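Please read the structure below before turning to the comments.
The values are calculated or read from the model by the stated rules, or taken from the named source; none is laboratory data. Nothing here was measured: the structure is a model prediction, and the numbers come from that model. Note that each Cβ is placed from the backbone with ideal geometry, even for glycine, and that neighbours are counted across all protein chains shown. Note: areas computed on protein heavy atoms with side chains; ligands, DNA, RNA excluded. Shrake-Rupley method; radii C 1.70, N 1.55, O 1.52, S 1.80 Å.
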Amino acid sequence: MPDPSTALNRRALLAAAVAVPLIPAVARAAEPDLAALSDMTRGAVPIGPDERRRRLDRAQALMKANGIGAVLIEPGSSLVYFTGIRWGRSERAMLTVLPVEGEPCIVSPYFEELRMRETLAIPVEVRVWQEDEDPLKVVAGFLRDRKLAGRPVGIEETVRFFIPDMLAHAMPGARIVSANPVVRGCRMIKTPAELALMQLATDVTIAAYRWVHPRVEAGMTGRDISAMMDAATGKLGGDPEFSLVLIGEAAAYPHGTKAVHKVAAGEIVLMDCGCTVEGYQSDVSRTFVLGSPSKEQRTVWDQVHRGQQTVFAAAKLGAPAGSVDVAIRKLYESFGYGPGYKLPGCSHRTGHGIGLDGHEPVNLVRGETTPLAQGMCFSNEPGIYIPGKFGVRLEDCFHMTATGPQWFSAPPPSIDRPFG
């Protein structure tokens, strides 16, 4: 659920949680004892060369079907998906060109070529540019050499504006189009290898939750609990991605507030956590109460639990993704919430796509017409939020199979058994 653009640096928090600080030995007893946890990811199978070859074949088939001559990608999850290259974005363009036929081309700063090749996972042609050169002229040269200069160039949807703008200057008359039919057409449909990694990431998150839950105590802050969750996730073999912990009234706001709240008896604790395994993400939320829940807390928790089941039932092959969101609005309005996205009720979409990114196309949101298809993966998180009081969010992800949706993690049975 957390927006990646506002996520904290989870690796820094993990390091803080597991490092041995320079403090007296008596204070170290408060650090979490992770001895009972062991790495669950040793059997993880990374994405291999055959799978990456099939990805390129699929992309090229979609390019032909959509009349696109090449697709331009810069660093980010799509670059990882097609090439294996993990690279940060900067003012220096590191670009991949996927042509409709033949090997891709990597256009790299000259002085970065060796470092780039260290993570490259597919055969490619490499062309470099010097500091005083225009990298998009190198891209244009590649397209001309492959006789693709007269065909539309698809731009991956996260590419920054200056790149296609420079391409238009380097190759006047170029037809710039969206690469969504190609990139989304590949990435939205997960393969068995991808699903296995997502399942493993989810298993790690669930195991970390079960370790953390009995260790939550009165007086703890969200940061205290988050640090425990990250430490457990790392020991279990996952790479912590986020661990949002909202306490009491803060849980009434999907991403919380700046105010610091401490756990107290009878208060809601909402946790929204995820990790990665070989780059593939999990996203699971749980809500529980320290001590005995009130009647109102129990009622809202049960309503959200029913909401998750309604989402799952509405996720039918061929149905528009937006129809799932419509189903949950109808249910919640029958409880007296809303209408629509108004509060009290569910102020955010019902779910988002998930894979290499925690949030990726398409979303379970009203108006989304993309039909649900086998291999698509989504979060299922129809929370209910009551400003000034508390909120409840239960989140489990599922993927579409030939016979309908299948959970990555089973929703908890009750507020008294929040982790099954």
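Overview of results
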{"quantity": "Heavy-atom accessible surface of the range 355-409: percent carbon and sulfur, 1.4 Å", "calculated": "50 percent"}
{"quantity": "Distance in nm between pseudo-label sites at Gln309 and Glu112 (7 Å out along the Cβ direction from Cα)", "calculated": "5.1 nm"}
{"quantity": "Nearest 10 degrees, 0 to 90: helix 222-235 Cα axis against the chain principal axis", "calculated": "60 degrees"}
{"quantity": "Full-stretch length increase - Ala121, Glu133 - with 0.36 nm per residue and alpha-carbon distance subtracted", "calculated": "1.7 nm"}
{"quantity": "Amide H within-cut-off set for Glu241, under 5 Å, with H built and near neighbours excluded", "calculated": "Gly274, Cys275, Thr276"}
{"quantity": "Candidates Ser90, Ser108, Ser77: whichever shows maximal mean-square fluctuation once the chain is modelled as a Gaussian network with Cα springs under 10 Å", "calculated": "Ser90"}
{"quantity": "Prolate/oblate/rounded label for the range 191-340 (Cα gyration tensor, a/c 1.5)", "calculated": "oblate"}
{"quantity": "Point-charge dipole on Cβ atoms (K/R +1, D/E -1) for the chain, about Cα centre, debye to 20", "calculated": "760 debye"}
{"quantity": "Residue pairs, from the table Lys316/Lys389; Lys147/Lys190; Lys64/Lys190, whose Cα atoms sit over 27 Å apart", "calculated": "Lys316/Lys389; Lys147/Lys190"}
{"quantity": "Antiparallel DSSP beta bridges within the chain, percent to nearest 5", "calculated": "80 percent"}
{"quantity": "Amide H partners (placed H, <5 Å) of Asn363, local residues excluded", "calculated": "Gly353"}
{"quantity": "Given charges at Cβ of Lys, Arg, Asp, Glu: the chain dipole, positive-most of Thr403, Gly420, His261", "calculated": "Thr403"}
{"quantity": "Distance (nanometres) between label positions extended 7 Å along Cα→Cβ at Ala402 and Arg92", "calculated": "4.9 nm"}
{"quantity": "Estimated FRET transfer efficiency when R0 is 41 angstrom, pair Lys316-Ile176 (beta carbons, to 0.05)", "calculated": "0.65"}
{"quantity": "Å² of accessible area per residue within the range 256-348, as computed with a 1.4 Å probe and no ligands counted", "calculated": "41 Å²"}
{"quantity": "Qualifying trypsin sites (Lys or Arg not before Pro) in the range 83-118, DSSP loop, other Cβ atoms within 10 Å at most 12", "calculated": "Arg92"}
{"quantity": "Label of the coordinate-derived value, mean projected area of the Cα convex hull in nm², listed as [x] 22.4; [y] 20.5; [z] 26.2", "calculated": "[x]"}
{"quantity": "Between helix 295-314 and the chain: long-axis angle, C-alpha atoms, 0 to 90°, nearest 10", "calculated": "30 degrees"}
{"quantity": "Value of Rg to Rh for the range 124-211 (Rh from inverse mean 1/r over Cα pairs, i.e. Kirkwood)", "calculated": "1.20"}
{"quantity": "Prolate/oblate/rounded label for the range 41-85 (Cα gyration tensor, a/c 1.5)", "calculated": "oblate"}
{"quantity": "Gained length - Arg144 relative to Lys342, 0.36 nm times residue gap less alpha-carbon distance", "calculated": "66.0 nm"}
{"quantity": "Distance between the range 375-420 and the range 194-218 - C-alpha centres, whole angstrom", "calculated": "14 Å"}
{"quantity": "Cα-based helix-to-principal-axis angle, 49-66 vs the chain, degrees rounded to 10", "calculated": "70 degrees"}
{"quantity": "Solvent-accessible surface (1.4 angstrom probe) belonging to His261, in square angstrom, nearest 10", "calculated": "50 Å²"}
{"quantity": "For the chain, with +1 on Lys and Arg beta carbons and -1 on Asp and Glu, the positive-most of Ala373, Ala314, Tyr209 along the dipole", "calculated": "Ala314"}
{"quantity": "Percent carbon-and-sulfur accessible area, the range 105-187, ignoring ligands, DNA and RNA, probe 1.4 Å", "calculated": "54 percent"}
{"quantity": "Under 5 Å, built H, 5+ apart or other chain: amide partners of Thr370", "calculated": "Ala321, Gly322"}
{"quantity": "Helix-only CD estimate at 222 nm, as mean residue ellipticity for the chain, using -39500 (n - 2.57) per DSSP H run (n ≥ 4)", "calculated": "-10000 deg cm²/dmol"}
{"quantity": "Rough spin-label spacing in nm, given labels placed 7 Å along Cα→Cβ, for Thr299 and Ala35", "calculated": "4.8 nm"}
{"quantity": "The range 242-309 shape via C-alpha gyration tensor axes, a/c threshold 1.5", "calculated": "oblate"}
{"quantity": "Loop sites in the range 76-130: GluC sites (Glu not before Pro), DSSP, at most 12 other Cβ within 10 Å", "calculated": "Glu91, Glu101, Glu118"}
{"quantity": "Karplus-derived HN-Hα couplings along the range 145-150 (A = 6.51, B = -1.76, C = 1.60, θ = phi - 60°), whole Hz, x at Gly and Pro", "calculated": "4, 8, 6, 10, 5, x"}
{"quantity": "Paramagnetic reach from Arg58 (point 7 Å along Cα→Cβ, amide N under 14 Å) across the range 179-196", "calculated": "181-196"}
